[in-house]
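Novice: Provided herewith is a single structure, encoded as structure tokens, for subsequent inquiry.
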Amino acid sequence: MLWTPDGWRSDAGFDIDDHGRIRALDAAEPTGSGSWILPGVANLHSHAFQRAMAGLAERQTNPEDSFWTWRETMYRFAARFTPELLRAVATQLYVEMLEAGYTTVCEFHYLHHAPDGRPYDDPAAMSRALIAAARDAGIRLTLLPVLYMTGGFDGRALGERQRRFGHDVDAYLRLIDTLCEDADPMLHVGCALHSLRAVPPDAMRAVLDALPPSMPVHLHIAEQIGEVQDCLALRDARPVEWLLANANVDSRWTLVHATHLTPAETQGIARSGATVAICPTTEANLGDGLFPLREYLDAGGRWGIGSDSHISVSPVEELRWLEYGQRLNTRHRNIAVRADSPSVGETLLRDVVRSARNSTGHAIGSFVVDDYADAVVLDPDAPALFGARSEDAIDRWIFSGNRPMVRDVYVGGRRVVENGLHRQRVEVAQRYRAAMATLMAE
């Protein structure tokens with residue numbers, strides 16, 4: 001059974017060209033049995049190095065622990081990375097993503113320089129480590145080098161632990177140009193503005209004016225109440241309010257988190273055509289808050305999911321907890337539905353694949369002609385799928401426990417996961433083990 005934008009089909013497969021694109025949907029004998037085949041899921045927000053610190057920030061350091069105290073731990077950990085260590089950690093992460101059903105990742109990358117802030121001999125060394133990791137694992141990558149210039153809305157200089165993140169505008173644009181030379185069907189390069197507090201308005205405008213008009217633009221925004229309050233104090237507007245008034249936000253934009261919105265901001269994002277990257281497990285782990293999902297769906301907004309800090313690497317868990325957060329907040333069930341889509345699972349999946357192309361820049365998201373053949377095959381022997389029907393298969397996949405149900409994963413028609421296991425998981429895990437020993441050494 002093949003899931004398409006119009007629902008399940010039992011009478012179709014697809015033919016793939018030499019570049020991994022779907023050449024045609026092929027007629028097949030209708031069948032009510034066999035595997036359930038879904039489009040691969042795009043992970044719209046990743047900080048790969050943070051996979052290595054998952055679970056290491058769960059001891060109280062302050063009675064008022066929050067995102068801001070967590071960030072101090074993250075800075076200390078980030079200072080330990082070299083290009084070689086980043087490649088080992090990112091490859092492990094990308095293998096885990098593929099085994100879970102992610103087939104594309106948007107890597108929001110700001111560990112650019114050596115820990116003291118000096119560029120490596122190759123200023124793109126850390127970026128190239130991520131490209132190599134994605135190629136090692138076989139995952140489709142949208143690399144988003146980050147512009148990070150100031151330590152707050154007041155324009156303060158970057159702190160000592162932030163220096164390895166920093167660029168001026170000219171150096172940043174040179175980095176993007178350099179990385180674009182490496183682009184291929186598996187690698188797309190976009191732009192990431194770290195946040196409004198880290199990119200002054202004139203720099204934002206200069207970068208946006210210099211970019212190709214179709215290049216994806218990603219931005220952290222309105223994740224924390226403190227960020228909203230600082231923006232109000234210094235720019236006399238909330239972050240999303242300010243952005244919509246000062247930039248041509250359109251379908252190439254992805255706003256990451258956008259947790260704290262007024263109804264007018266919610267409507268404004270939806271009207272713009274931008275995508276919101278919601279990261280439910282990270283937002284819960286950091287105590288960020290809950291995105292106003294029901295209101296955003298009613299406004300017709302686009303959205304997708306990201307695993308962000310990778311305390312979980314599972315599209316199922318992101319989607320499940322997106323819905324569960326709304327249920328806890330409203331004390332009602334079955335929130336993410338539409339009049340024409342009463343299944344929560346199918347509504348979630350349909351919206352996620354709908355946003356993939358704009359956010360990643362890759363021709364992905366659905367089994368249509370000219371899209372890449374990125375597919376997830378569910379395990380028909382998983383007990384949770386026994387007796388599954390087309391009207392409940394996706395709901396079972398998302399809401400039936402924690403046993404992995406992914407059997408095979410294909411990227412561009414090439415199988416990278418077979419019977420639930422990545423083809424190189426043992427070798428990759430060995431390199432990751434060695435990297436962790438170095439990172440954790442006192």
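The values are calculated or read from the model by the stated rules, or taken from the named source; none is laboratory data. In this text the structure is predicted, and so the values were computed from the model without any measurement. Glycine also receives a Cβ, built like all others from the backbone with ideal geometry; neighbour counts cover every protein chain displayed.
Novice: Among the candidates V249, V256, V276, single out the residue that is under 17 Å from L193 (Cα atoms) and surrounded by fewer than 21 Cβ atoms within 10 Å (Cβ to Cβ).
Specialist: V249
Novice: Something else: Against the conditions (1) of a type in the set (A, V, I, L, M, F, W, C); (2) part of a helix (DSSP H, G or I); (3) under 27 Å from T91 (Cα atoms); (4) under 22 Å from the mean Cα position of the chain (by Cα), where does V426 fall short? Just the number, please.
Specialist: Going through the list (1) of a type in the set (A, V, I, L, M, F, W, C); (2) part of a helix (DSSP H, G or I); (3) under 27 Å from T91 (Cα atoms); (4) under 22 Å from the mean Cα position of the chain (by Cα), V426 breaks only (4).
Novice: For the stretch 177-203, name all the residues that are out of contact with any strand residue (DSSP E or B) (no Cβ under 6 Å at 6 or more places or on another chain) and either assigned to a helix (DSSP H, G or I) or not acidic (D, E) (or both).
Specialist: D177, T178, P185, L196, R197, A198, P200, P201, D202, A203
Novice: Hey, another quick one. For the list (1) buried (at least 21 other Cβ atoms within 10 Å of the Cβ); (2) at pLDDT 95 or above, I need the number of the one condition that M1 fails.
Specialist: Result: M1 passes all but (2).
Novice: Does M436 satisfy the criteria of being in contact (Cβ under 8 Å) with a residue 12 or more places away in the chain, under 30 Å from A52 (Cβ atoms) and within 22 Å of the chain's Cα centre (by Cα)?
Specialist: Taking the combined requirement at face value, the residue does not satisfy it.
Novice: What pairs can you find where one residue is in the stretch 337-355 and modelled with pLDDT of 95 or more and assigned to a helix (DSSP H, G or I), the other is surrounded by fewer than 16 Cβ atoms within 10 Å (Cβ to Cβ) and of a type in the set (V, I, T), and their Cβ atoms are less than 8 Å apart, with a gap of 6+ or different chains?
Specialist: none
Novice: Evaluate the following for T69: is it within 30 Å of A222 (Cα to Cα), among the polar types (S, T, N, Q) and more than 20 Å from the chain's Cα centre (by Cα)?
Specialist: Yes; evaluated as a whole, the condition is true for this residue.
Novice: What are the residues in the stretch 250-302 that are without any contact (Cβ under 8 Å) to a residue 40 or more places away in the chain, part of a strand (DSSP E or B) and not aliphatic (A, V, I, L, M), if any?
Specialist: W253, H257
Novice: Looking at the stretch 148-157, which of the residues that are more than 25 Å from the chain's Cα centre (by Cα) and in contact (Cβ under 8 Å) with a residue 12 or more places away in the chain is surrounded by the most Cβ atoms within 10 Å (Cβ to Cβ)?
Specialist: That would be F153.
Novice: Provide a single number: the residues in the stretch 338-348 that are surrounded by fewer than 17 Cβ atoms within 10 Å (Cβ to Cβ) and of a type outside the set (G, A, S).
Specialist: Final tally of qualifying residues: 3.
Novice: Those residues that are polar (S, T, N, Q), over 16 Å from L293 (Cβ atoms) and within 14 Å of the chain's Cα centre (by Cα), I need them from the stretch 332-382; list them, please.
Specialist: Correct list: N358, S359, T360.
Novice: Among the candidates G40, G7, which residue alone is within 30 Å of A277 (Cα to Cα), among the small types (G, A, S) and more than 23 Å from the chain's Cα centre (by Cα)?
Specialist: G7
Novice: Out of the stretch 327-351, which residues are touching a helix residue (DSSP H, G or I) at 6+ places or on another chain (Cβ under 7 Å) and among the aliphatic types (A, V, I, L, M)?
Specialist: Within the stretch 327-351, I335, A336, V337, V344, L348, L349 meet the criteria.
Novice: Of R238, R271, R252, which residue is closer than 17 Å to V146 by Cα and either at pLDDT below 95 or of a type in the set (K, R) (or both)?
Specialist: Selected residue: R252, the only one of R238, R271, R252 that is closer than 17 Å to V146 by Cα and either at pLDDT below 95 or of a type in the set (K, R) (or both).
Novice: Hey, G413 hits all of (1) within 21 Å of the chain's Cα centre (by Cα); (2) closer than 19 Å to R135 by Cα but one; which does it fall short on?
Specialist: If we test G413 against (1) within 21 Å of the chain's Cα centre (by Cα); (2) closer than 19 Å to R135 by Cα, just (1) comes out false.
Novice: Can you tell me which condition G365 does not meet? The list is (1) more than 26 Å from A27 (Cβ to Cβ); (2) at pLDDT below 95, and all the others hold.
Specialist: (1)
Novice: Determine which single condition S214 fails, assuming it passes every other condition in (1) modelled with pLDDT under 95; (2) in contact with a helix residue (DSSP H, G or I) (Cβ under 6 Å, 6 or more places away or on another chain).
Specialist: Single failed check for S214: (2).
Novice: Still on this structure: Where residues in the stretch 109-125 are touching a helix residue (DSSP H, G or I) at 6+ places or on another chain (Cβ under 9 Å) and more than 20 Å from G159 (Cα to Cα), which of them is surrounded by the most Cβ atoms within 10 Å (Cβ to Cβ)?
Specialist: Here the residue is A124.
Novice: Let me ask something else. Testing Y324 on (1) of a type in the set (S, T, Y); (2) in contact with a Phe, Trp or Tyr (Cβ under 8 Å, 6 or more places away or on another chain); (3) without any contact (Cβ under 8 Å) to a residue 24 or more places away in the chain, one condition comes back false. Which one is that?
Specialist: (2)
A quick yes/no check of all residues on (1) buried (at least 19 other Cβ atoms within 10 Å of the Cβ); (2) assigned to a loop (DSSP other than H, G, I, E, B); (3) touching a Gly at 6+ places or on another chain (Cβ under 8 Å):
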residue: D370; (1), (2), (3): no, yes, no
residue: V376; (1), (2), (3): yes, no, yes
residue: D381; (1), (2), (3): no, yes, no
residue: A384; (1), (2), (3): no, no, yes
residue: D395; (1), (2), (3): no, no, yes
residue: I398; (1), (2), (3): yes, no, yes
residue: R403; (1), (2), (3): no, yes, no
residue: V416; (1), (2), (3): yes, no, yes
residue: R431; (1), (2), (3): no, no, no
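Novice: Check A57, A88 and return the single one that is closer than 23 Å to E317 by Cα and crowded, with 19+ Cβ neighbours inside 10 Å.
Specialist: Answer to the selection: A57.
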